[in-house]
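Engineer: Here you go, one structure.
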Amino acid sequence: MTAAKLRESDVAELEKSLVDMSEQMHSLRFRLTMGQTEGLKKLRELKRDRARALTILQERNKK
C-alpha cells in the first residue's frame, strides 16, 4: 500500500488497517517459524506498510 493511498483514508480506516496488518504479521510469523510458508517478502512489506500507517497517524495527531 502506498503512502498516497494511506493519506487519503481517514483515522478510523487507518486504525482498522493497522489491526488487520498486525494480525496478518502475527500469522505470517507463526507460519514462518513452523516452516509452512516462504512469506518473508510479504512480512517485510507488511512491516513497512504498518510503519507508514503509524507515521501518518502521528502526523495527523500533531496537527
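The values are calculated or read from the model by the stated rules, or taken from the named source; none is laboratory data. What you see is a predicted model; the values in this text were computed from it and never measured. No Cβ is skipped: glycine too gets one built from the backbone with ideal geometry, and neighbour counts run over all protein chains shown.
Engineer: For segment 1-10, what are the residues that are among the aliphatic types (A, V, I, L, M) and surrounded by 15 or more Cβ atoms within 10 Å (Cβ to Cβ)?
Structural biologist: M1, L6
Engineer: Considering only residues of segment 47-63 that are in a helix (DSSP H, G or I) and charged (D, E, K, R), which is nearest to A3 (Cα to Cα)?
Structural biologist: Per the criteria, the residue is R52.
Per-residue answers, yes or no, for (1) in contact (Cβ under 8 Å) with a residue 12 or more places away in the chain; (2) in a helix (DSSP H, G or I); (3) surrounded by 11 or more Cβ atoms within 10 Å (Cβ to Cβ):
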{"residue": "A12", "(1), (2), (3)": "no, yes, no"}
{"residue": "S17", "(1), (2), (3)": "yes, yes, yes"}
{"residue": "M21", "(1), (2), (3)": "yes, yes, yes"}
{"residue": "M25", "(1), (2), (3)": "yes, yes, yes"}
{"residue": "R29", "(1), (2), (3)": "yes, yes, yes"}
{"residue": "E38", "(1), (2), (3)": "no, no, no"}
{"residue": "E45", "(1), (2), (3)": "no, yes, yes"}
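Engineer: For residues that are more than 17 Å from A3 (Cα to Cα) and among the acidic types (D, E), scanning just segment 21-46, find the one that is modelled with the lowest pLDDT.
Structural biologist: Out of the qualifying residues, it is E38.
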